[in-house]
Structures are given as C-alpha cells and as structure tokens.
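Below is one structure, written out as structure tokens, with a few remarks after it.
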Amino acid sequence: MGIGLAAACGFRVFVPLLVLSIATHAGHVTLAPSFDWIGSTPALISFSVATVLEIGGYYIPWLDNMLDSIATPAAVIAGTVVTAAVMTDISPYLQWSLALIAGGSIAGLVQGSTVATRLVSTSGSAGLANPVVATAELGLSGFFSAVSMIFAPLAFVLVLAMLTVLAIVVWRRLHAPRKIARPTTG
C-alpha cells in the first residue's frame with residue numbers, strides 16, 4: 001500500500017494523503033500509532049483544502065512550473081510519510097529506512113518524470129498542453145491512491161511496471177545513436 005501511495009505522491013503530493021486520511025477516518029486503514037493524526041478531522045480538512053489548492057495551481061500556466069520546484073522535495077517527503085504510516089508492527093528503524101528508501105525514492109522518481117514531462121510540454125506547446133498533462137497527473141495520482149486502498153498488491157505491480165517503462169525510455173534516450181550534422185559544401 002505504501003509503495004502505491006508513494007508513487008501517487010509523485011504525481012500529486014496531497015491527493016494520496018487525502019485518500020489515506022479518508023480511508024483512515026472511515027476505518028478502512030489502520031496506521032502505525034504515531035501516524036493516527038492522518039485520520040483526524042483537522043488533517044482531513046487540511047488535506048482537502050491543500051488538495052484543491054494544489055489541483056487548481058497546476059492549471060495556472062506560470063504557476064505549474066513553479067509548483068514543480070516545490071513539489072519535488074514535498075513529494076519525496078510525502079512518499080516517505082505515507083509509506084511509513086502504513087507500516088505497522090515493525091521496528092521504527094526498519095520502518096523509516098524502508099519508507100525513505102522505497103517510498104521516498106519512488107515518489108522522487110515519479111515526480112522527476114512529471115517535471116520532465118511538464119518541461120517538454122511547456123517547451124513544445126508554449127504551455128498550452130500543460131492542462132492536459134495536469135489532468136493526466138491528477139488522474140494517475142487518484143488511480144494509484146485508489147488502487148492502493150482497494151488492492152495493494154496490484155498497486156505494487158503497477159508501480160513496478162511503470163518504473164520499468166520509465167527505465168526503458170530513459171535507457172533508450174541515453175543510448176540512442178546521435179546524428180551528427182555534416183557541413184554543407186558549396
């Protein structure tokens with residue numbers, strides 16, 4: 001569950017926190033004792049407001065790129081927190097080590113890919129395609145959050161598949177033959 005939520009944090013920081021808060025508030029998820037605050041009413045309200053503001057911010061052309069610079073470290077932190085929060089009955093050392101290594105890393109990788117996608121979108125369309133990218137990221141964040149709550153093993157497999165595709169794309173770009181411009185004569 002933590003891995004799926006961490007990946008969702010890479011797409012949108014507050015959507016998975018809101019989903020986890022709702023699920024905890026409803027009694028669907030039991031959190032590690034030090035994370036019970038996530039299911040509290042004040043946290044639920046705070047995550048709701050933050051989610052609405054974050055979603056809205058990504059539809060404002062100049063603000064979306066600025067949000068990416070803030071969202072990158074926030075996604076790593078959120079991915080670490082949601083991963084640690086769902087690990088119960090485990091030593092704190094192992095809990096935080098796994099949360100940082102797995103959750104934080106996955107959130108960071110996914111967030112890095114969204115930043116790259118937004119840069120390509122901004123440069124290729126002068127920002128006109130960014131709302132489409134923002135909608136896709138929001139949908140993926142909601143999807144991974146929901147799947148993590150409903151059937152965590154499927155979320156884990158989907159995250160592995162997504163990271164595999166990302167690794168293949170990066171590898172191909174790094175190892176693609178370079179075209180060398182030849183000077184023209186005449």
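Could you tell me whether Val115 is at pLDDT 95 or above, assigned to a helix (DSSP H, G or I) and over 18 Å from Ser148 (Cβ atoms)?
On the way: at pLDDT 95 or above: no; assigned to a helix (DSSP H, G or I): yes; over 18 Å from Ser148 (Cβ atoms): yes.
Criteria not met by Val115.
Kindly provide the set of residues from the stretch 57-76 that are of a type outside the set (Ser, Thr, Tyr) and more than 13 Å from Val110 (Cα to Cα), ordered by number. Working first, answer last.
Kept after step one, since they are of a type outside the set (Ser, Thr, Tyr), are these residues of the stretch 57-76: 57, 60-68, 70-71, 73-76.
Scanning the stretch 57-76 gives Gly57, Ile60, Pro61, Trp62, Leu63, Asp64, Asn65, Met66, Leu67, Ile70.
Contact map, the stretch 57-71: first residue assigned to a helix (DSSP H, G or I), second residue of a type in the set (A, V, I, L, M, F, W, C), Cβ cut-off under 7 Å, separation 6 or more or different chains; pairs are Gly57/Leu63; Gly57/Leu67; Asp64/Ala134; Asp68/Val115; Ala71/Val13. Residues in the stretch 118-151 that are among the aliphatic types (A, V, I, L, M), part of a helix (DSSP H, G or I) and under 20 Å from Tyr58 (Cβ atoms): Leu119, Val120, Val132, Val133, Ala134, Ala136, Leu138, Leu140, Ala146. Leu53 meets each of the listed conditions (1) part of a helix (DSSP H, G or I); (2) surrounded by 13 or more Cβ atoms within 10 Å (Cβ to Cβ); (3) not basic (Lys, Arg) apart from (2).
Close Cβ contacts (under 6 Å, 6 or more residues apart or on different chains) running from residues in the stretch 161-180 that are on the phi < 0 side of the Ramachandran plot and of a type in the set (A, V, I, L, M) to residues that are surrounded by 10 or more Cβ atoms within 10 Å (Cβ to Cβ) and modelled with pLDDT of 80 or more comprise Leu166/Ser113.
Kindly indicate which of Val147, Val133 is buried (at least 18 other Cβ atoms within 10 Å of the Cβ), within 23 Å of Ser48 (Cα to Cα), free of Cβ contacts under 8 Å to residues at least 60 places away in the same chain and β-branched (Val, Ile, Thr). Break it down stepwise before answering.
On the way: Val147 fails: free of Cβ contacts under 8 Å to residues at least 60 places away in the same chain.
Going through Val147, Val133 in turn, the sole match is Val133.
Looking at this structure, is Ile106 closer than 16 Å to Ile3 by Cα and over 17 Å from the mean Cα position of the chain (by Cα)? Taking the combined requirement at face value, the residue does not satisfy it. Between Ser34, Ser46, Ser21, the distinction of being of a type outside the set (A, V, I, L, M), at pLDDT below 95 and either under 18 Å from the mean Cα position of the chain (by Cα) or assigned to a helix (DSSP H, G or I) (or both) belongs to Ser34 only. Cβ-Cβ contacts under 8 Å between residues 6 or more apart (or on different chains), taken from a first residue in the stretch 26-45 that is without any contact (Cβ under 8 Å) to a residue 24 or more places away in the chain and under 22 Å from Ala152 (Cα atoms) to a second residue that is in a helix (DSSP H, G or I) and among the β-branched types (Val, Ile, Thr), are listed as Asp36/Thr24; Gly39/Thr24.
Do we find that Thr83 is part of a loop (DSSP other than H, G, I, E, B), over 23 Å from Gly127 (Cα atoms) and out of contact with any Phe, Trp or Tyr (no Cβ under 7 Å at 6 or more places or on another chain) in this structure? Full working, then the answer.
Working: part of a loop (DSSP other than H, G, I, E, B): no; over 23 Å from Gly127 (Cα atoms): yes; out of contact with any Phe, Trp or Tyr (no Cβ under 7 Å at 6 or more places or on another chain): yes.
No.
Scoring Thr184 on the criteria (1) within 25 Å of Ala74 (Cβ to Cβ); (2) modelled with pLDDT under 95 leaves a single failure, condition (1).
The values are calculated or read from the model by the stated rules, or taken from the named source; none is laboratory data. Note that the coordinates shown come from a computational prediction; the quantities given were computed from them, not determined experimentally. Positions of Cβ are generated from backbone atoms using ideal geometry, with glycine treated the same way; all protein chains shown enter the neighbour counts.
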